[in-house]
Structures are given as structure tokens and as C-alpha cells.
Amino acid sequence: MNKFITTILNLSILTFIFSCTDLDEDLRGVITTDISVEGIATDDGGSGGGDVLGGAYAGLRGTGTGGHTNWYSAQELTSDEMVVTTKGGDWYDGGWLIDFHQHNYKNTNPSVNNNWNSHYGAVATTNELLASGLDANGTAQMLALRAYFFWRLMDMYGSIKLPLSPGQDATQVSRTEAFNQIEKDLLASLGISAVNSSMDLSGSALGTDKNAYRINQFGALGILAKLYLNAEVYTGTPRYQEAHDAADYIINNGGYTLCGVGCKVSNLGKRPKVAEDPEELEGFAAVFAPNNAGNPEHIWTVNYEAGVNGGFNLAMMALHYSSQLTWNFDSQPWNGYSTLEAFYNSFGANDARKKASFIAGPQLDYGGNTLLDYATDDGEPALNYTPYINEIFPDGCRECGARPGKFSYRQFGRPDMDNDFTLLRLGQIYLIRAEAAARVGGGWDGAAALADTNIIRNRANAGAYTAAELTEDEFLAERGREMFSEAVRRTDLIRFGKYNGAWWEKSASESYKNIFPIPFDAIQAANGTLKQNPGY
């Protein structure tokens, strides 16, 4: 997060707003003190410091946690949340985006390849640091971080390699063996032999300080909670009790709080002449804002900062070209990612998360004027983000689909956003504890998940469930509403047995598609040490 806006002060603000066509050039000057623009908040809440471990944590950005063609794309575009339609000559890109949506991905798919390479690059950095003589805390952090990267690889590809030292060409192991190594490293970082309701973390080298850019005890437990929640998928053996106990410990001992009433930040995206734009973002919306650093709900986040720690490009990835004039971006958005109509309509009208999560309806520019699409394909020049999408290929309409806006946008934004990306937050931990409680006895017990789920519902002003209403399918829908755009949906759909179902422009897919193919290039370079996943 960056609390500075750099600018050239000899231009008037009116020139910035109404005349500039190259804001990237004009806004990047040599002065880095806070400035005040009338009607626009400019302080984004400060930034996190760096240390010797910073290069390894930068792997969270390098693996595309919030960017195109890596982790974010793999988790969102293969799910029922988002799609990138081909808009005439735009966004076909060799067909890989359509293949992701329809589960026709191949071993040459760019995202399949990029995820493999970037995540193993991140693993290599953690291994170099682990071999460099870190202190106990640094070693524990790197063990946990490497385990997290291995978890992503295992989640995507199933049978993977587990290099544990620099330069090692490890053998390919089964998914169960990968699970066991990931669990072993996370437990070692915590200084315990097992997760249970009576575990003692006093021997852990990990601290409890709330620096969300680093893994503390609660962050490591959160990774374990996710691992155990999906254990039945990964190994065939349920581990819901451990998932529950890990989440329970975080909730009872972490000191984190849900960001609700009174939890506010300045709205950095506010247009002074648009009355509907609030002065502040409160509750759920504040958790994901451009100035969300230090939010009391954050357990572990990726530090994104325009001009310094780049790679979070969602404004560019999602918004229509003309939306540049709404937020005075220094670059024109690419008009790609949009939300499936059925997913958008799954939110109730009074659910605060609906307004906070999407950009929808008629659009206005900075001055409150109707925003126009001068190359309209429907004969109506006024830009209107409609939930309806006409088709995925070849002529998806340019303004169709509500756009992701949960990680909200700021005035004078650059292509790289400032919002910290949430990997673990308290709202997610409540849902993990709820789901684990519902599953721990076998089957589904909605009553066991009720209290925690309603805590999340109440924050959203969405109304409480009864036990009878909280079916397994309804819980998945609720988890989707809470966790939209946080790169968890593919994994969730697989766990709930819904990933292979049919949805808009996608027919039912085969179960082997639950994992991606090992990339063609990786197999070619492996000299026989990598075997392709079944079905590919």
C-alpha cells in the first residue's frame, strides 16, 4: 500500500481531470509527499516494510495471485463465477480462455504453463533462503510459505515434484505424498505434531504479531485449515476435525475481528459530483479497498502497491475501455473479466456484498455524466453493465456482464492496484469452521454450521438462516457470495462435487478435469521424470 501520490504540480487539477490523455506520464513526477485534491481522498493507509524474506513473499505476486494467466485466472475462469468472452477481435487469445471456461484445457494452455513455472520459481526462492542460515523465525516462515506454494501446485496438478533444497530435481510423488509433506512442514513451523483442540503453540518459532504481509502462527494454521478442509479430495481421507480445530484456534486466540459497523476507510474512488459515491467504505467493502492495509480482519495478505509491488491488475482485466473516465485511470482498461449472470443473481437485493462486489448498471464518468461506448455493438452508446451476457464466442457484447469490483478502484489509479489481496481473513475462517463442523460426522449437518454462517450473514445484512435452510448447496452458494473474487472458487466447487456440472456456455465435464494437465514444456524438459496426469 502506498500513501503517496506522485504528480507534477505545475498542471492544474482541471487539466488532469478533463484534458489529460496520458496520465501515466503526467502523474509520475519526482515529488512524493502527500497532496490534497479537493473532494478526493489520497491517503491509502500506509505500506508494509521489507526484510530479507521479502523476495520469497514476492512470489505471491509473481504467481499471479491477483493477475492474469496465473493463479487468479486458474481459480476464477474455470469456475461459475467469471468468464472472459471473445469480443470480436478482442480476447480470443488462441482460445485458452474459452477452454478454461468449458474445461477443455490442454497441456499447452498458457495459464497451465505459467502457473507451473511461476510456482516452482517461488519454491526455489524459499529453498535458497532455507539453505542460507535463517534464524528460527525466518526458517519457520519459509517452511510455511513453501508449503503454501506446494499446496497450490498439488491443488492444481495433483501429482507433483517436491524439491526441498536448492537445485534439486526431485522425483514426482503422488498427491497423498505431497499432502503429507505439506502437512509436515506446516506442523514443523508451528512446533507441534498434530492439530487438535488442546494443541500448545508456545514452542513455535512463528510469532503472533499481526503483520499481514508475513506468516504468523495464525497464518500457518489458516493454511492447515484449508489443507485439511480439502483432505478428502486430495487423499481420500477426511480431516474435518483438524480443519475445525485449526479454524477454532484462530477465532478464539488470534485477536482478529470482523470488519463491520464502524470499521471504515476513506473511499478513494469517490467522485465528488456523484452523490451515490459514499465518503467512506464501511464493513465488508472496507476489507478489500485500495487503502485496506491493517484491516482488523486480515490474517495474511499479499502486499500490492502501485509503482512498487505490482501485479494486481483487476481494474485493467475487468473494466470496459470507457471506464477509464470514471476513475481517471492513467491507462485504458482491457474489457475482459465479467461475472456470470446466475452467480450475480445469487445475491439477495439487501445483501451488502452485492453492491460491494460488482460494478453493474448504467455507468457515469468522473463528473457524473453518462459514460459512453463510442464503438457500441448494440446501438445504445450509453455504457450499461448488464448481468446478461449474450455469448462466449465469437461476439460477446462489449458491455455485457457485471464486472468484479470487490477489490474496489481508486481515483488516478495505475494499471497496478494498491489493494492488498486477502489470502486468509477472519470471515473465511468462520466459514471453514462452519463447514468442517457440518461435515465432521459424515454427511451434512446444517445445524452445526448455523451459528458461524449467520455471523457472516449478519455482517452482510443478508438475514439469518434456519438449520433447515442451510443445506449443503445453500452453504456453497453462501460461501460463493462471501468469497467471490478471492481465488478460491475452483477449489470449492471441486470439494462440493459441483465442478464437473453444467453452467452457462459449459456442458458437464469429466472428473479428470479436476486437476490440470502437467504442462507439455515441463514434461519435455523433465527427461522422463514427469508423468502426465490421467486423461490428458
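The values are calculated or read from the model by the stated rules, or taken from the named source; none is laboratory data. Quick caveat, the model's predicted, so the values are computed rather than measured. Please note: Cβ atoms are built from the backbone with ideal geometry, for glycine as well, and neighbour counts cover all protein chains shown.
Yes or no, residue by residue, for (1) over 24 Å from the mean Cα position of the chain (by Cα); (2) crowded, with 20+ Cβ neighbours inside 10 Å; (3) acidic (Asp, Glu); (4) part of a loop (DSSP other than H, G, I, E, B):
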| position | (1), (2), (3), (4) |
| --- | --- |
| 430 | no, yes, no, no |
| 453 | no, yes, no, no |
| 464 | yes, no, no, yes |
| 467 | yes, no, no, yes |
| 479 | no, yes, no, no |
| 494 | no, yes, no, no |
| 499 | no, yes, no, yes |
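Please determine whether any residue of the stretch 85-105 is modelled with pLDDT of 95 or more, under 20 Å from residue 406 (Cα atoms) and charged (D, E, K, R). No, every residue in the stretch 85-105 fails to be modelled with pLDDT of 95 or more, under 20 Å from residue 406 (Cα atoms) and charged (D, E, K, R).
The set of residues from the stretch 237-253 being closer than 25 Å to residue 500 by Cα and either without any contact (Cβ under 8 Å) to a residue 24 or more places away in the chain or out of contact with any helix residue (DSSP H, G or I) (no Cβ under 8 Å at 6 or more places or on another chain) (or both) comprises 237, 239.
Do we find a residue being modelled with pLDDT under 95 and either assigned to a loop (DSSP other than H, G, I, E, B) or under 28 Å from the mean Cα position of the chain (by Cα) (or both) anywhere in the stretch 148-168? Checked against the condition, which is being modelled with pLDDT under 95 and either assigned to a loop (DSSP other than H, G, I, E, B) or under 28 Å from the mean Cα position of the chain (by Cα) (or both), the stretch 148-168 yields at least one hit. Of all residues in the stretch 271-289, those being more than 21 Å from residue 417 (Cβ to Cβ) and aliphatic (A, V, I, L, M) number 1. Kindly provide the set of residues from the stretch 295-327 that are assigned to a loop (DSSP other than H, G, I, E, B) and within 24 Å of residue 461 (Cα to Cα), ordered by number. 295, 296, 297 - these are the residues of the stretch 295-327 that are assigned to a loop (DSSP other than H, G, I, E, B) and within 24 Å of residue 461 (Cα to Cα).
Within the stretch 367-393, the set of residues being exposed (fewer than 15 other Cβ atoms within 10 Å of the Cβ) and either in contact with a His (Cβ under 7 Å, 6 or more places away or on another chain) or charged (D, E, K, R) (or both) comprises 378, 380, 391. Among the residues making up the stretch 85-103, those that are in contact with a Ser or Thr (Cβ under 9 Å, 6 or more places away or on another chain), closer than 19 Å to residue 502 by Cβ and not in a loop (DSSP other than H, G, I, E, B) are 97, 98, 100, 101, 102.
Criterion applied to 321, 337 was being closer than 25 Å to residue 488 by Cα and within 24 Å of the chain's Cα centre (by Cα), and the one residue passing it is 337.
Annotation: residue 342 fulfils all but one of (1) aliphatic (A, V, I, L, M); (2) surrounded by fewer than 17 Cβ atoms within 10 Å (Cβ to Cβ); (3) more than 21 Å from the chain's Cα centre (by Cα); the unmet one is (3).
Examine the stretch 420-435 for a residue that is in contact (Cβ under 8 Å) with a residue 24 or more places away in the chain, among the aliphatic types (A, V, I, L, M) and over 22 Å from residue 298 (Cβ atoms), and state whether such a residue exists. Checking the stretch 420-435: not a single residue is in contact (Cβ under 8 Å) with a residue 24 or more places away in the chain, among the aliphatic types (A, V, I, L, M) and over 22 Å from residue 298 (Cβ atoms).
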